[in-house]
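Scroll down for the structure; my scribbles are underneath it.
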Amino acid sequence: MLKQYRVPLFEKMERLLAEQGHELRVVSGSPPLNDQRKGDNILESKGCCIVERSLWLFRDKLHFLNNAVKHILWADFVITEQANKHVHNYLLMGLRLFGIKRFAYWGHGQNRQGNPNSWRERMKKRLSVQCDWWFAYTDGVANYVAGLGYPKSKITALNNSVDTSAFKQLLAEIDEYEIAKFKSSLGIQALDKVGMFCGSLYGEKKLEFLLRSSVLIRESVPDFVLLIIGDGLDKPLVEKFAENYPFIKYLGPLFGREKAVAFKSSHLFLCPGLVGLAILDAFVASLPLLTCDIPNHSPEIEYLENQVNGIMTRASEDEYAGAVSEIFANPKRLNALREGADSSSTRFSIENMALNFVNGICGYFNTLGGHSV
């Protein structure tokens, strides 16, 4: 699948690769029904991004990509998501075995939301080293892959990011009048303490935990308001809480300037469940991240520095609510965490990620004696 937030990365990569004589083609499939509800997928081809039709079987555990063979044969080098579900990955391994095609994996290294002892994860470990290059989301993923016995010289750590520069520019354009207008439209007072969640609404985000914790926070912080942005399977749960507790404001999915205004109007980013790329949006908006110590975070959790740019508590509603309430009761601490988040935002950018990606691609071609596409 191709997410909206990935398009700027591929556009930057296309330009950088063209400067060195390479051509980039980004091929994705159509999302399964449950993912369509998130409303953040690219569904039509544009530029270097080509969207093909997909066939999803066995409750979305198996993915057939239309015209995969055509695109694989077109390329000199294929980069594919590291996932057991893609049928074309097994085709790539077969072609590699016979010296017909070379390919790289791009991914997390392991399924942090799955059972590490399951047969799927055991198979994933075995297959993870059957490729010609590795593009790891973070340094931690790179270390994990190297620990499986894969050569470090063939691993590129990308520092996975989103287009933080564009979001930062949008945030800079939001003035106090626009913030006041946004708050007024939701019945939020100027001095209210605002926490926000932005992301897909599904179980691993621990939304029920967040919603129940917000009720506890409200008991300690009477002017606390929670904004929830996103869509997904748990939308009915969020809507139910919003109906019963007026301080919970469900805004649906927001993009562009509307999303920037909501971030600029908030003080903390609250995500007790799975943390992924949203951590970067939070930091760019100078929002400290508050999450829980759980095993299924995405690799980007490595960007969190506890007590510096955010806080990680145990997975206890009381402890989590207490941490949020304590921050709101201590403006100096809140300001220090916001400064830490803002400082962290400068370390990661889509420009650096695109450059890392392109350097890795060129590094692979250099191992072939300077071959170019």
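Worth pointing out:
- D281 vs. criteria modelled with pLDDT of 95 or more and of a type in the set (D, E): no
- Condition check for I311 on (1) in contact with a helix residue (DSSP H, G or I) (Cβ under 7 Å, 6 or more places away or on another chain); (2) at pLDDT below 95: one failure, at (2).
- Each residue in the range 15-33 was checked for being open to solvent by less than 70 Å² (accessible area, probe 1.4 Å) and farther than 20 Å from F255 by Cα, and 12 of them qualify.
- The C-beta contact set for the range 334-347 (first residue over 20 Å from A166 (Cα atoms) and open to solvent by less than 10 Å² (accessible area, probe 1.4 Å), second residue modelled with pLDDT of 95 or more and assigned to a helix (DSSP H, G or I), distance under 8 angstrom, 6+ apart or interchain) comprises L337/I327.
- Those residues of the range 320-330 which are assigned to a helix (DSSP H, G or I) and surrounded by fewer than 13 Cβ atoms within 10 Å (Cβ to Cβ), in sequence order: A329
- Identification of helices (runs of 4 or more DSSP H) wholly contained in the range 231-285 with 2 or more residues that are free of Cβ contacts under 8 Å to residues at least 40 places away in the same chain and open to solvent by less than 30 Å² (accessible area, probe 1.4 Å) yields 235-244.
- If the condition is being within 23 Å of the chain's Cα centre (by Cα), modelled with pLDDT under 95 and not β-branched (V, I, T), then the range 117-142 contributes R120, E121, K124, K125, S128, Y137, D139, G140.
- Among (1) more than 20 Å from the chain's Cα centre (by Cα); (2) under 17 Å from T80 (Cα atoms); (3) surrounded by 15 or more Cβ atoms within 10 Å (Cβ to Cβ) - the single one M1 does not satisfy: (1)
- In the range 150-175, the residues that are free of Cβ contacts under 8 Å to residues at least 24 places away in the same chain and assigned to a strand (DSSP E or B) reach residues that are surrounded by 12 or more Cβ atoms within 10 Å (Cβ to Cβ) and of a type in the set (V, I, T) with C-beta atoms within less than 8 angstrom, at least six apart or across chains, in these pairs: I155/V145.
- For the range 1-23, the set of residues classified as under 17 Å from A68 (Cβ atoms) and touching a helix residue (DSSP H, G or I) at 6+ places or on another chain (Cβ under 7 Å) consists of M1 only.
- Residue satisfying condition, being at negative phi, charged (D, E, K, R) and not in a helix (DSSP H, G or I), within set R333, R338, R347: R347
- Selected residue (criterion: least open to solvent (accessible area, probe 1.4 Å)) from residues of the range 160-193 that are under 18 Å from L277 (Cα atoms) and among the small types (G, A, S): S161
- Those residues of the range 15-25 which are free of Cβ contacts under 8 Å to residues at least 60 places away in the same chain and either in contact with a Leu (Cβ under 7 Å, 6 or more places away or on another chain) or in a loop (DSSP other than H, G, I, E, B) (or both), in sequence order: L24, R25
- Within the range 121-144, residues that are buried (at least 19 other Cβ atoms within 10 Å of the Cβ) sit with their Cβ atoms under 9 Å from residues that are basic (K, R) and assigned to a helix (DSSP H, G or I), at 6+ positions apart or across chains, in these pairs: C131/R96; C131/K154; W133/K154; W134/K154; A142/K152.
- Among residues of the range 192-212, those that are out of contact with any strand residue (DSSP E or B) (no Cβ under 8 Å at 6 or more places or on another chain) and either assigned to a helix (DSSP H, G or I) or of a type in the set (D, E) (or both), counted: 4
- Per the listing I229, I279, the residue uniquely within 25 Å of A180 (Cβ to Cβ), among the β-branched types (V, I, T) and under 18 Å from the mean Cα position of the chain (by Cα) is I229.
The values are calculated or read from the model by the stated rules, or taken from the named source; none is laboratory data. Note that this is a predicted model, so its numbers are computed, not measured. Cβ coordinates were reconstructed from backbone atoms using ideal geometry, including for glycine residues, and neighbour counts include every protein chain displayed. In case anyone asks, the SASA skips ligands and DNA or RNA and just uses the protein heavy atoms, side chains included. Shrake-Rupley method; radii C 1.70, N 1.55, O 1.52, S 1.80 Å.
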